[in-house]
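What follows is a set of notes on a single structure, which appears directly below.
Please treat every number below as a calculation from the coordinates, not as lab data. Just so you know, these numbers come straight off a predicted model, no measurement behind them. Neighbour counts run over all protein chains shown; Cβ positions are idealised from the backbone, glycine included.
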């Protein structure tokens with residue numbers, strides 16, 4: 001019987017491993033481990049003209065495409081995926097005749113992202129203090145309170161969907177403080193705020 005050459009055995013294993021890695025790479029298995037997988041996703045799905053990621057702020061600028069709220073939410077998810085330590089997040093949507101810029105506090109996005117898919121999500125007291133000191137939270141609270149007071153005085157029949165969403169969010173905030181629902185309400189409010197477009 002001929003003896004097996006150990007050199008040939010080693011080469012067979014090397015080729016097998018290279019083929020496996022090649023197949024995994026081809027099907028995008030390593031994209032989730034890539035440091036720029038969020039940026040890559042946005043560039044594949046939107047017309048992105050700028051993407052930046054630093055500790056003081058992360059942002060993406062892209063053309064308007066489809067539902068605004070979904071596009072802003074998608075932008076936040078994939079910005080945060082790449083830039084988890086940013087103090088602020090900026091989404092700029094370019095329309096043919098105007099530009100719309102949305103800004104979000106980093107603590108809000110961190111907590112919101114961490115709570116996606118979780119039912120029992122607790123927000124630490126330290127985070128609540130950071131959020132309540134934020135300018136964006138103050139604006140949300142002001143407009144949500146106006147909507148809530150309108151609802152209490154006039155009922156819901158004369159309210160827009162946006163006003164009702166704010167009123168319900170504020171009502172929940174009064175009863176429970178800052179919750180996962182509050183974070184979502186702030187993000188939806190910012191994404192649908194027409195004052196952000198010029």
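Numbers below:
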| read-out | value |
| --- | --- |
| Residue in segment 70-84 that is farther than 19 Å from residue 130 by Cβ and either loosely packed, with under 15 Cβ neighbours inside 10 Å or free of Cβ contacts under 8 Å to residues at least 24 places away in the same chain (or both) present | yes |
| Filtered residue count, segment 155-198, keeping only those that are touching a residue at least 40 places away in the same chain (Cβ under 8 Å), within 21 Å of the chain's Cα centre (by Cα) and under 20 Å from residue 68 (Cβ atoms) | 13 |
| Residue 152 being surrounded by fewer than 17 Cβ atoms within 10 Å (Cβ to Cβ), part of a loop (DSSP other than H, G, I, E, B) and without any contact (Cβ under 8 Å) to a residue 40 or more places away in the chain | no |
| Residue in segment 116-138 that is part of a helix (DSSP H, G or I) and closer than 28 Å to residue 63 by Cβ present | yes |
| Matching residues, segment 95-121, being in contact (Cβ under 8 Å) with a residue 24 or more places away in the chain, touching a strand residue (DSSP E or B) at 6+ places or on another chain (Cβ under 6 Å) and surrounded by 16 or more Cβ atoms within 10 Å (Cβ to Cβ) | 100, 102, 104, 109 |
